[in-house]
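Accompanying notes for the structure given below.
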Amino acid sequence: MFGFDGGGARRVLLHCLATLTATGALVVGAPGAPGAEAASVCSGRPEKTVPFATGELRVYKARGYACAITVAKNPGKKRAMSVSLQPRGGNPLVDKGSYTRQAGPVTVHALNRCVRASGVVSGKKGSTGWILC
């Protein structure tokens, strides 16, 4: 069909699967299955995770930027969620709405600046205070 013999097509397929797996682009497992956690939508390294009753707030740092998301503990039905990220001396960037899994990401410039983040899921809140100073 594609001009490959059986062995060549298999090698190409295995190479593609290996590449997708190595880059994190391939997620195996059904949604909600144990161990099938979605990759973060923020780039950078995790800096702080704040668990609270209905979810958790995650803050990441990459180069001169900070990123935050709020993730529901039990995704599924839509509920009020928000995430806020504020650089010191600046205005907060907020993503607020009705979501099934997460609010955000929100990203702010944070080169040589502290930031603070907060997240809300169904009225329960988690926050960081000033971090990344």
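At a glance:
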{"read-out": "Residue in region 55-67 that is of a type in the set (Asp, Glu) and farther than 13 Å from Thr128 by Cβ present", "value": "no"}
{"read-out": "Filtered residue count, region 106-133, keeping only those that are polar (S, T, N, Q) and open to solvent by 60 Å² or more (accessible area, probe 1.4 Å)", "value": "4"}
{"read-out": "Output for region 57-76, where each listed residue is out of contact with any Lys or Arg (no Cβ under 7 Å at 6 or more places or on another chain), in a strand (DSSP E or B) and within 17 Å of Arg101 (Cβ to Cβ)", "value": "Leu57, Arg58, Cys67, Thr70"}
{"read-out": "Close pairs from region 41-54: first touching a residue at least 24 places away in the same chain (Cβ under 8 Å), partner outside any loop (DSSP other than H, G, I, E, B) and loosely packed, with under 13 Cβ neighbours inside 10 Å, Cβ under 8 Å, at least 6 apart", "value": "Phe52/Lys124; Ala53/Lys124; Thr54/Lys124"}
{"read-out": "Within region 60-75, tally of residues that are open to solvent by 50 Å² or more (accessible area, probe 1.4 Å) and of a type outside the set (S, T, N, Q)", "value": "4"}
{"read-out": "Among residues of region 77-95, those that are part of a strand (DSSP E or B) and loosely packed, with under 14 Cβ neighbours inside 10 Å, counted", "value": "1"}
{"read-out": "Unmet requirement for Asp95, which otherwise passes all of (1) within 17 Å of Pro46 (Cα to Cα); (2) under 14 Å from the mean Cα position of the chain (by Cα)", "value": "(1)"}
{"read-out": "Number of the exception - Ala103 against (1) open to solvent by less than 20 Å² (accessible area, probe 1.4 Å); (2) touching a residue at least 40 places away in the same chain (Cβ under 8 Å); (3) of a type outside the set (Asp, Glu)", "value": "(2)"}
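The values are calculated or read from the model by the stated rules, or taken from the named source; none is laboratory data. Owing to the predicted nature of the structure, the values given are computational and were not obtained by experimental measurement. Cβ: placed from backbone, ideal geometry, glycine included. Neighbour counts: every protein chain shown. We work out accessible area using only protein heavy atoms, side chains counted, and drop any ligands, DNA or RNA first. Shrake-Rupley method; radii C 1.70, N 1.55, O 1.52, S 1.80 Å.
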